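The block underneath contains the structure these notes are about, expressed in structure tokens.
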Amino acid sequence: MSRLAAVALALAAGGSLAAPAGAWAQGAADSALTSAPPPDSLAPYVPSGARAAGHSIHWYEPLAVVGGLGFLSTLDQPVANHVHSHRSVGGQNVADAWSRFGTPLVYGPVTVGVLAGGLLARNHDVTQSGLRLAFSLALAGVANQGLKAVLGRERPDANGSAFDFDPLHLDAAFPSGHTTMAFAMATSLADDVHPTWAKVGLYGMATGVAVSRVYQEKHWVSDVIGGAVLGIASAKFASGRWKIFGLRAPSFLIKGGAPAVGWQFTFHE
């Protein structure tokens with residue numbers, strides 16, 4: 001059995017949460033697509049009507065995610081024990097390098113680069129992509145830190161169990177901050193590019209961050225799955241593809257135009 005086999009199996013199981021989370025909205029959004037750029041185009045695109053269509057999150061969907069995370073938490077301690085017993089210097093070096101994709105050293109320059117590129121080229125679609133990316137990352141970061149503070153889950157390297165909690169401190173395990181930010185960036189960019197290989201590469205990069213954080217013993221498996229769901233949700237919300245209990249992102253992110261403070265909130269009977 002390879003050193004990361006248990007991690008791979010656990011994350012594959014977790015894909016039943018993170019992957020369907022993106023699929024909930026993708027069907028509705030994709031049904032509105034009326035045109036797309038050539039397959040070899042990397043330019044961000046905003047197909048007609050795509051931003052107007054969106055999936056409205058229902059009350060049972062967050063509950064399903066919570067239930068799934070609870071089930072996955074049964075794997076946390078066995079996977080952590082396996083990783084601890086099979087770590088190597090080479091594996092640690094790879095994990096340390098890969099985890100940087102979930103830090104400001106990467107998503108900061110990427111965001112600035114997309115925004116600057118759009119402004120300098122006077123390309124409205126690219127500029128809008130940069131704005132959505134910045135908003136996605138900001139929302140994901142705030143939500144991540146809020147959950148960490150409330151739950152206060154201890155990290156695997158603290159020599160505690162997977163169910164040790166110490167609320168009201170920020171250096172907590174759930175959800176994984178690196179994974180949250182990596183998936184927020186990957187989802188935001190993947191939604192604005194067309195080639196399948198680019199989307200696969202972006203999500204592969206984010207998944208590598210999740211695996212690296214488990215290998216570094218900084219997070220439990222359920223921490224990184226929760227972070228992935230949070231990052232995806234933040235980006236889908238920022239793009240207008242998801243509405244959360246009727247709440248939509250600021251209209252300038254979805255439709256363009258001058259930035260303005262405003263929210264659309266609708267009630268459904």
- prompt: Could you give every pair whose Cβ atoms fall below 6 Å, whose first residue belongs to the range 247-260 and is at pLDDT 75 or above, and whose second residue is open to solvent by less than 50 Å² (accessible area, probe 1.4 Å) and assigned to a loop (DSSP other than H, G, I, E, B), counting only separations of at least 6 or pairs across chains?
  reply: 249/240; 250/262
- prompt: Quick check: anything in the range 85-103 at pLDDT 50 or above, within 30 Å of residue 163 (Cβ to Cβ) and among the β-branched types (Val, Ile, Thr)?
  reply: yes
- prompt: Quick check, is residue 188 in a loop (DSSP other than H, G, I, E, B) and in contact (Cβ under 8 Å) with a residue 12 or more places away in the chain?
  reply: no
task: Name every residue in the range 140-163 that is open to solvent by 60 Å² or more (accessible area, probe 1.4 Å), part of a helix (DSSP H, G or I) and touching a residue at least 60 places away in the same chain (Cβ under 8 Å), in order of residue number.
output: 147, 157
message: Just to be sure I understand, how many residues within the range 50-103 are surrounded by 14 or more Cβ atoms within 10 Å (Cβ to Cβ), in a helix (DSSP H, G or I), in contact (Cβ under 8 Å) with a residue 12 or more places away in the chain and not hydroxyl-bearing (Ser, Thr, Tyr)?
response: 19
- prompt: surrounded by fewer than 16 Cβ atoms within 10 Å (Cβ to Cβ) and of a type in the set (A, V, I, L, M, F, W, C), is that true of residue 115?
  reply: no
- prompt: If you check residue 198 against the conditions, is it open to solvent by 10 Å² or more (accessible area, probe 1.4 Å) and in contact (Cβ under 8 Å) with a residue 12 or more places away in the chain?
  reply: yes
task: Report yes if residue 239 is closer than 30 Å to residue 91 by Cβ, of a type in the set (S, T, N, Q) and either open to solvent by less than 20 Å² (accessible area, probe 1.4 Å) or at pLDDT below 95 (or both), otherwise no.
output: no
- prompt: Assuming residue 168 fulfils every condition listed in (1) among the hydrophobic types (A, V, I, L, M, F, W, C); (2) in contact with a Gly (Cβ under 8 Å, 6 or more places away or on another chain); (3) surrounded by 15 or more Cβ atoms within 10 Å (Cβ to Cβ) apart from one, which condition is it?
  reply: (3)
- prompt: Does residue 133 satisfy the criteria of being open to solvent by 30 Å² or more (accessible area, probe 1.4 Å) and of a type in the set (A, V, I, L, M)?
  reply: no
message: Residue under question is residue 193, and the condition is that it be without any contact (Cβ under 8 Å) to a residue 24 or more places away in the chain, more than 12 Å from residue 232 (Cβ to Cβ) and either of a type in the set (Val, Ile, Thr) or out of contact with any helix residue (DSSP H, G or I) (no Cβ under 6 Å at 6 or more places or on another chain) (or both); does it hold?
response: no
field: The one condition in (1) open to solvent by 40 Å² or more (accessible area, probe 1.4 Å); (2) under 21 Å from residue 79 (Cβ atoms) that residue 175 fails to fulfil
entry: (1)
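The values are calculated or read from the model by the stated rules, or taken from the named source; none is laboratory data. None of these values were measured; they are calculated from a predicted model. Virtual Cβ from ideal backbone geometry, glycine too; neighbours counted across all protein chains shown. Quick note on the areas: whole protein, heavy atoms, side chains included, nothing else; ligands and nucleic acids left out. Shrake-Rupley method; radii C 1.70, N 1.55, O 1.52, S 1.80 Å.
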